[in-house]
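Colleague: Questions regarding the structure given below will be posed in turn.
The values are calculated or read from the model by the stated rules, or taken from the named source; none is laboratory data. Just so we're clear, the structure is a prediction, and the values are computed from it rather than from any experiment. Methodologically, a virtual Cβ is constructed for each residue, glycine included, from the backbone with ideal geometry; neighbour enumeration extends over all protein chains shown. In case anyone asks, the SASA skips ligands and DNA or RNA and just uses the protein heavy atoms, side chains included. Shrake-Rupley method; radii C 1.70, N 1.55, O 1.52, S 1.80 Å.
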Amino acid sequence: MQNWFRKVLPAVAAVFATALMVGTLSAQGVTTGAASGLITDQDGNPLAGATVEFTHTPTGFRTTAVTNVRGIFTVQGLEPGGPYTVRIRQIGYRPVTQERIFIALGQTFRLNTSLDLTAVELEDITVVADPTAAEFAPTRQGTRTTISEEQIRDLPTLNRRVTDLAIATPQIVPTDANNGQGISVVGQNNRFNTIQLDGSTVNDRFGLGATGTAGGQAQGKPIGYDAIKEFQVELAPYDVRQGNFTGALINVITKSGTNNWTGSAFGYFRNQNTAGEPLGCRGAPDPCLNEFKNQQFGGSLGGPIVRDKAHFFTNLEFQRASTPATGPFIGAPPSIGGVQPDQSDIDAMNAVLATYGMAPGSGSSVANDNPLENFMVRADWGLGSNNRLVFRYSFNKAKLDVFNRTTSTSDPAFRYENNGYQFTNKTHNPSFQWFTNFTNGSSNEFRLSYNRLRDERDPFVAEPQVTVDGFTNSSGDDYQILTGSERFSQGNRLGQDILELTDNFTLASKGDHRITVGTRNEFYRVENLFAQSSFGVYSFDNLADFASGASPDVARYTVSGSLGNPGETVAPAVFNSATIGLYAQDQWQVTPKFSLTYGLRVDIPIFFDQPEYAAQVNADFGNPSVPSGKPLWNPRAGFNWDIDGLGNQQVRGGLGMFTGNPAYVWMSNAYSNNGTGIGILGCGPTNPNGFA
């Protein structure tokens, strides 16, 4: 870890210095919304120096802007949703108040109004805004699906997962036939999606889980369902601040506390009586399979720390699930499939295992447990009228028993219940955001987050895997029995550390142009241990050979170990990388009806460590290396045309390039299969040269 920080910190410091220089030099934020407009007098002349104050009614947070010489104002970093109350005032003019304004995530609300000249103080004019106006905002470009907090409450869900919301997008389909958690966007691999929590990436960058999120291999969730305020899927955002994906960008915004105390509690329960039986069990005598159950429960609490200044929100969510393992067991109906063993063969196998001091097994059915825990706390502080700080910490823990038996009859292997593993994930994700609106209309959004993922496979028993052939059941079916530690889980763990730094600065409007510049940088460290077969893997042709401790000429044996020093523990593959992103764009209001957004983004993937290969590998392949330092250019342009100028008809679209991070598991092999790390040795009649 210290080596990683020594390499990463100089780069972080350089990027942070760049961000500060940019910030001393605004478009809606990646995790927020914005508002802009033109303030005029009763004759249509622009009013300079008018004060426009947005008040977020639930929290009392205020953001203030002042119109420029052209009467234009811009307010950035607004919390999505609302309602907002807007008060517009200028000395010598009658104030105007607009109520129930709702700000959409990633869009700019357009607010144009006029003030009447008056010699005496009169009551405010109050206007109720149209909440659907944001759909036709000039910044609405590309293909997008947004699900509001109210819709999240109303939509049905079985698993209370982010992916349950994602498949509401027409271009997304589930890819995992077992649980529907994987998603594919317009045919893309799930590894090419980016999933963000309040703008911070919560991907499994290594790329092994079906969902693509942290904890996905253990069917974990990045956030509790009740903590989600707004959910958005972007397929082609022409905003250059959005990057590092070639499938979809899934943005999840969490809830914040308000001036009112709020709380919730929930509990759900399902079992086989409410879920229905699997196809293989229908019409079968009881018991067909182990009990299926899924219990989900939790709650949330939010409220003020200091009214109108500081608020908190916290959420806890738990799952206790148990699902029957697939495949045959003694007493199962034929519709289950596979080959069932005879109890006499189970007893004979256990007798031999006892002579070696190994764990016995049974032919019973097995259930896989999947407990989950989600915790989140968020605090928001308003510093004056133009600064807002947000701190969020989320913790996720997931465990999943992985065990199934084959239903094949052509090459059947009946697995003892100890020949599985438990997959464990723990994820810590703190993040910090700082939103600033300057009185001249400029704004800045700074974000810093850290994602710590730890995945580990724990085999059910710590002993070699043994496969014994030569069994035949009473029905005349041949099969083999497999026991001991699952071979690919005998030394398997993964650690990922992701540090992300982002800063976006938007200049005050210059005429019809609004310029945004920024940087997004991700620093990644991985430590991957895959020491398969480190306990040993044995294979025998029959039970007699196993009982006699057959010599290598009739038994097969495989074991892994360190190539450099036999007998030593295999070292994990460790490497550090980064993706440096820089971008700039202009939002140009060409006419009152037509807006154009165009910009350029460049992402530079960097590997701080190159694989160290054995001398023979270098001699044969010429010192191979992983690609590093090549700029990936992403030009983009999008338009929005309000045909009649009334917000009733709109044409929008664009063209752009998108690049994303690879699944780092593809890179990891270069650091482990390099001729100096792990070696797998085999012996037996099928391995005359001694290598598997």
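Colleague: Using alpha carbons only, how many angstrom separate the centre of the stretch 593-670 from the centre of the stretch 460-522?
Modeller: For the stretch 593-670 versus the stretch 460-522, the Cα centre distance is 22 Å.
Colleague: May I pose another question? Pull out the extension gain between Asn45 and Thr118, defined as 0.36 nm times the separation in residues minus the alpha carbon to alpha carbon distance; nm, one decimal.
Modeller: Full-extension gain reported as 24.7 nm.
Colleague: Evaluate the relative contact order of the stretch 26-78 (contact order divided by residue number), counting alpha-carbon pairs under 8 angstrom at least 6 apart; express in whole percent.
Modeller: Computed over the stretch 26-78, the figure is 46 percent.
Colleague: Using a 1.4 Å probe, what is the accessible area per residue for the stretch 361-510, in Å²?
Modeller: 35
Colleague: Between Thr274 and Phe594, what FRET efficiency comes out of the Förster formula 1/(1 + (r/R0)^6) with R0 = 41 Å and r the beta carbon distance, rounded to 0.05?
Modeller: 0.15
Colleague: Also, quick follow-up: Return the sequence-ordered ³J(HN,Hα) values of the stretch 224-229 in whole Hz as given by the Karplus equation 6.51 cos²θ - 1.76 cosθ + 1.60 applied to θ = phi - 60°, using x for Gly and Pro.
Modeller: Couplings: x, 4, 6, 8, 8, 8 Hz.
Colleague: Here's a follow-up. Length gain on complete extension for the stretch Ala265 to Arg153, per 0.36 nm per residue less the alpha carbon to alpha carbon distance?
Modeller: Gain in length upon complete extension: 39.0 nm.
Colleague: Quick one: if you stick a label point 7 Å off each Cα along the C-beta vector at Asp469 and Lys510, how many nm between them?
Modeller: So the label points at Asp469 and Lys510 sit 7.7 nm apart.
Colleague: Right, next: Ordering Ile72, Ile39 by how much accessible area each has at a 1.4 Å probe, largest first, what is the list?
Modeller: Ile72, Ile39
Colleague: Next question, about the same structure. Do the alpha carbons of any pairs in Lys221/Lys397; Lys221/Lys255; Lys399/Lys426; Lys229/Lys426; Lys293/Lys426 sit beyond 19 Å of each other, and which pairs?
Modeller: Numbers: Lys221/Lys397 8 Å; Lys221/Lys255 17 Å; Lys399/Lys426 9 Å; Lys229/Lys426 24 Å; Lys293/Lys426 23 Å.
Distance filter (> 19 Å) returns Lys229/Lys426; Lys293/Lys426.
Colleague: Taking R0 as 22 Å, what's the FRET efficiency between Ser548 and Gln343 from their Cβ-Cβ distance, rounded to 0.05? The partial results should precede the final answer.
Modeller: Numbers: r = 24 Å, r/R0 = 1.07.
Efficiency computed from Cβ-Cβ geometry: 0.40.
Colleague: Any idea how far the Cα center of the stretch 393-414 sits from the one of the stretch 311-336, in Å?
Modeller: 11
Colleague: Ignoring any ligand, DNA or RNA, what whole percent of the accessible area of the stretch 445-555 comes from carbon and sulfur when the probe is 1.4 angstrom?
Modeller: Result for the stretch 445-555: 50 percent of the exposed heavy-atom area is carbon or sulfur.
Colleague: Net charge around Tyr93, counting only other residues with Cβ within less than 9 Å of its Cβ (Lys, Arg = +1; Asp, Glu = -1)?
Modeller: 0
Colleague: Taking loop as defined by DSSP and a crowding limit of 13 other beta carbons within 10 Å, which chymotrypsin sites (Phe, Trp or Tyr not before Pro) in the stretch 493-552 fit?
Modeller: Filter output for the stretch 493-552: empty list.
Colleague: Rounded to whole Hz and in sequence order, give me ³J(HN,Hα) for the stretch 160-167 from the Karplus expression 6.51 cos²θ - 1.76 cosθ + 1.60, θ = phi - 60°, writing x for Gly and Pro.
Modeller: Couplings: 6, 10, 4, 5, 4, 7, 4, 6 Hz.
Colleague: Please give, to one decimal in nm, the separation of the simple spin-label points placed at Val173 and Asp458, each 7 Å out from Cα toward the Cβ.
Modeller: In this crude spin-label approximation the distance works out to 3.9 nm.
Colleague: Counting only heavy atoms of the protein chains, get the accessible area per residue of the stretch 165-267 (1.4 Å probe) and round it to a whole Å² value.
Modeller: Here the per-residue accessible area is 27 Å².
Colleague: For Ile305 and Asn440, calculate 0.36 nm times their separation in residues minus their Cα-Cα distance, and state this gained length in nm to one decimal.
Modeller: Values: separation 135, 0.36 × 135 = 48.60 nm, distance 3.05 nm.
Difference between extended and current length: 45.6 nm.
Colleague: If Lys and Arg each add +1 and Asp and Glu each add -1, what is the summed charge of the other residues whose beta carbon sits under 14 Å from the beta carbon of Thr519? Mind showing how you got there, number by number?
Modeller: Numbers: positive: Arg241, Arg447, Arg520, Arg601; negative: Glu445, Glu500, Asp503, Glu522, Asp603.
With Lys, Arg at +1 and Asp, Glu at -1, the neighbours total -1.
Colleague: List the residues, sorted by chain then number, that are 5 or more residues from Ala236 or on another chain and whose placed amide H is less than 5 Å from its amide H.
Modeller: So Ala236 has HN proximity to Thr143.
Colleague: Apply the Karplus parameterisation 6.51 cos²θ - 1.76 cosθ + 1.60, with θ equal to phi minus 60°, to every residue of the stretch 91-98 and state each ³J(HN,Hα) to the nearest whole Hz, in sequence, with x for glycine and proline.
Modeller: Each residue of the stretch 91-98 in turn: 4, x, 10, 6, x, 10, 10, 10 Hz.
Colleague: May I ask you to give the percent of accessible area on the stretch 186-238 that is carbon plus sulfur, with a probe radius of 1.4 Å?
Modeller: 45
Colleague: Still on this structure, I have one more. What residues qualify as long-range amide H neighbours of Asn244, i.e. H under 5 Å apart, gap of 5 or more or another chain, H built at 1.01 Å from N?
Modeller: Those lying under 5 Å, H to H, from Asn244 are Thr659.
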